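Reading through the structure tokens given below for one structure.
No lab work stands behind these numbers, since they all come straight from the coordinates. The model shown is predicted, which means the values in this text are computed figures rather than measured ones. Cβ placement follows ideal geometry from the backbone for every residue including glycine, while neighbour counts extend to all protein chains displayed.
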Amino acid sequence: MRDVVITGIGLVSSAGEGLEAHLTALARGGAPNTDAATFEPFPVHPVGALEWDRQIPKKSDQRQMEAWQKLGCYAAGLALDAAGAKEDAALKARMQLIVSAGGGERDYAVDGQVLTGLAKADNPGVFLNERLMGDLRPTLFLAQLSNLLAGNISIVHGVTGASRTFMGEESSGVDALRIARERIASGQDDIFLVGGAYNAERPDVLLIYEMGGFLWKKPYRPVWERPADGGGMILGSGACFLVLESREHAASRGAKPVAALAGVASDRSRRKAGSVEASLHALSRQLNARPDLVISGATGIKGITEDEQAALKDVAPGAAVHATGDLVGHTMEAQPATGVALAAGLIAEGRAGEALVTSIGHWRGEGAIRLTKA
Amino acid sequence: MALRDTQGRPLVAVTGIGTVTSLGQGKDDTWAALTAGRSGIHRINRFPTEGLRTTIAGTIDSVDVEPFCAPMLSERLAMLAAEEAVGQSGLAQEDFPGALFIAVPPVEMEWPQREALAKASGQDGDVTYKDLLKAAGTGRFRPWHDLFIFGTVADRVADRFGTRGSPISLSTACSSGATAIQLGVEAIRRGETEAALCIGTDGSVNPESLIRFSLLSALSTQNENPEGASKPFSKNRDGFVMGEGGAALVLENADSARARGATILGYVLGCGEKGDGFHRTRSSPDGMPAITAIRQALEDAGVVPEDIDYINAHGTSTPENDKMEAMSCTAVFGERMAGLPISSNKSMIGHTLTAAGAVEAVMSLMTIATGRIPPTINYQVPDPAIPLDVVPNVARDARVNYVLSNSFGFGGQNTCLVFGAEPKGA
């Protein structure tokens, strides 16, 4: 089996742009950028203003995308830059792409108008048809389709080996890394761009998680402190992409590895009391993890957050523990890659020797990722 | 001796297949209708169609779910197809010894649910998402969180069949079903799993999804004669017809399949894929990505173009796809293409979108098993720009050892699979 290394990181979130900015924010500590007003009573961690032109040069491309796709495309460009791959068209033409994604934004004004009209319509079905036929922008569909983040990355950045889009919230982010790593390790492919993007500043996603009772509705508090007060997650906008390749491939093109992706493990426990704790123990054993650093994807949701904390005491005794939720918020499909990016950055700075990144899905799915020095 | 392919990898056998389409529940019903040249396309009566440009589809109306919505119907279609496939394989129905790869349509909350939230909010003026959020906070809609997140269909299928590990839900648009199979093949070849349950499912014909395709001018508007609307490769083709379907394949390491005495229905010999950065909905004018995907699939299968006996086309009936597909196949198969049978199942069941690649994989294996090639129906006006043997209107008997199945999708997705009765040289 071949070693798999990380050679490029592209990261954007409420903590800023680029790995450097995130490591600085992590070192500084304190509360992350939070917007408590726009979707009150739901705080979100908003992404800062980005100069889209720097990674998505054509305005026509920008117009075809909604925020989640633009965030993803932007972070993908940063990762390609960092890996020294941006200007190598031949390399990008054989680079494989795995994106973890949900779906895109809706037209909230149209939805509101349709709902208002539906209540009074004589024939609601016909009214719905007429309004949707008349009011939906034809291109909005392409901003909603899950696989069109990958499609846009292919168009904007020329990454055209082949793309696959995984869905399924947090798990999709872990499994995207797992499958990419296995394909490289087994020799099937040499180089991948892997990651995800999430826009939290949308009422339709808040709606889904509020229906399930998962959202934190008070001023920001660190994820570990939330369960004692009922628990809940704060969604964050952001995106993270990683360039992964075999050690030999990186060496052959003179790319410097940031860290090694030593293992990715995922599972789907049937959730019950204690199942998350047991699952993390099993995943950690599977990875043979001995971390001195943990980057946790803990959500702050009651039950699973304490379960994770208990497991970490055993599987990572003495390790420094940081939560991505306390830096950028919960970025759902993008959370696992974001954790890996931070862990890789800290390892590259010499602040850790081996890291464990966790991803305990807010509702299902458990994942753990082991990183070591490059 | 271990069963390996020409590259030394484990051979991937198919030991179970199942499907449900607008033509029938189960592979035998669907196959009988498909080889009889019957269409499953009909007028939509699931919802009012006044005001729509397209009023026909290949919906599956015989399957009832509650609440009626795309994820529930997609889940049911996946379950039905998988029950048939796992049943045929002889593997345990509730303790499947391998991973799950499932192509599911992107889900989101639908209009009946939004309306229910709006009503529950008590807002009788202008409704906004603030009102919906207020209603959501009552806790009365808790199950809809699970229903409308992306991992749920896979989770429920994994629970039902007891598949191992974290199930993978995926989308590569209209080639999703083929990608699910490809992921299974790769996992078996890597030795990660002895078996894989690969599923494509799509039950998403609802007003908004139909309107979205309609606004992109992708759908046929020839509503007068629903059964005649899907006309792949014909000169008067004018778009695809949405269809619903589910299909499942049980893939196994051929060694373990043989060791347990399973009947091997055929092999997935090769997979090929290539991205396209030309445009969001159109493919590169030179056809290079599709050509590359076909060539990769042949090479991966260890066969040459001359070995292929039949092509199960993507064949959507859109002006763009059929022209591009014909050109790409001609580039790979050369002069032989004029006489190489290529037909489109979509002429009868419509475009089952996320499920299409899996449904057509099942039909490709049925073609190998029965020696009968399903026709392209509604072929009355040949397109002089597409001089192919599309097996017009009537099924044909032929010895078929190797099939190429094409899948192409929005977002630059091109995925091709090669199925065989036996590996080459066996």
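Can you spot a residue in the stretch A:336-354 that is under 13 Å from residue A:174 (Cα atoms) and either assigned to a loop (DSSP other than H, G, I, E, B) or within 14 Å of chain B (Cβ to nearest Cβ) (or both)? Yes, that holds for at least one residue.
The criterion of at least 2 residues that are within 20 Å of residue A:19 (Cβ to Cβ) is met, among helices (runs of 4 or more DSSP H) falling completely within the stretch A:56-110, by A:67-82. Considering only residues in the stretch B:83-107 that are part of a helix (DSSP H, G or I) and not hydroxyl-bearing (Ser, Thr, Tyr), the one that is nearest to residue B:152 (Cα to Cα) turns out to be B:83. Of A:63, A:28, all but one fail to be more than 10 Å from chain B (Cβ to nearest Cβ), over 18 Å from the mean Cα position of the chain (by Cα), within 21 Å of residue A:338 (Cβ to Cβ) and surrounded by fewer than 19 Cβ atoms within 10 Å (Cβ to Cβ); the exception is A:28. Filter the stretch A:255-292 for residues that are part of a strand (DSSP E or B), in contact with a helix residue (DSSP H, G or I) (Cβ under 6 Å, 6 or more places away or on another chain) and away from every other protein chain (no Cβ under 14 Å) and give the result. Correct list: A:259, A:261.
Matching residues to (1) of a type outside the set (Phe, Trp, Tyr); (2) within 21 Å of residue B:232 (Cβ to Cβ); (3) without any contact (Cβ under 8 Å) to a residue 60 or more places away in the chain:
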| position | (1), (2), (3) |
| --- | --- |
| B:284 | yes, yes, yes |
| B:289 | yes, yes, no |
| B:292 | yes, no, no |
| B:295 | yes, no, yes |
| B:299 | yes, no, yes |
| B:310 | no, yes, no |
| B:316 | yes, yes, no |
| B:322 | yes, yes, no |
| B:325 | yes, yes, no |
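Working carefully through the options B:176, B:171, B:166, find the one that is within 7 Å of another protein chain (Cβ to nearest Cβ), polar (S, T, N, Q) and in contact (Cβ under 8 Å) with a residue 60 or more places away in the chain.
B:171
Residues checked against (1) among the hydroxyl-bearing types (Ser, Thr, Tyr); (2) at the interface with another protein chain (Cβ under 9 Å from one of its Cβ atoms); (3) in contact with a helix residue (DSSP H, G or I) (Cβ under 9 Å, 6 or more places away or on another chain):
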{"residue": "B:97", "(1), (2), (3)": "no, no, yes"}
{"residue": "B:115", "(1), (2), (3)": "no, yes, yes"}
{"residue": "B:120", "(1), (2), (3)": "no, no, yes"}
{"residue": "B:125", "(1), (2), (3)": "no, yes, yes"}
{"residue": "B:129", "(1), (2), (3)": "yes, yes, yes"}
{"residue": "B:145", "(1), (2), (3)": "no, yes, yes"}
{"residue": "B:149", "(1), (2), (3)": "no, yes, yes"}
{"residue": "B:160", "(1), (2), (3)": "no, no, yes"}
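Look at (1) within 11 Å of another protein chain (Cβ to nearest Cβ); (2) buried (at least 23 other Cβ atoms within 10 Å of the Cβ) and you find that residue A:109 fails only one, number (2).
Taking the residues in the stretch B:45-61 that are surrounded by fewer than 22 Cβ atoms within 10 Å (Cβ to Cβ), out of contact with any Gly (no Cβ under 7 Å at 6 or more places or on another chain) and not polar (S, T, N, Q) as candidates, determine which candidate is nearest to residue B:238 (Cα to Cα). Lay out the reasoning, then the answer.
Start the filter on the stretch B:45-61 by keeping residues that are surrounded by fewer than 22 Cβ atoms within 10 Å (Cβ to Cβ), which leaves B:45-51, B:53, B:55, B:61.
After this cut, where a residue has to be out of contact with any Gly (no Cβ under 7 Å at 6 or more places or on another chain) as well, the list is B:45-46, B:49-51, B:53, B:55, B:61.
Next, only the ones that are not polar (S, T, N, Q) stay: B:46, B:50-51, B:53, B:61.
Details: B:46: 24, B:50: 21, B:51: 19, B:53: 13, B:61: 25 Å.
Top of the filtered list is B:53.
Only one of the listed residues (B:337, B:348) is touching a Cys at 6+ places or on another chain (Cβ under 7 Å), over 30 Å from residue A:97 (Cα atoms) and in a helix (DSSP H, G or I). That residue is B:337. Summed over the stretch A:161-213, the residues that are in a strand (DSSP E or B) and within 7 Å of chain B (Cβ to nearest Cβ) give a count of 6.
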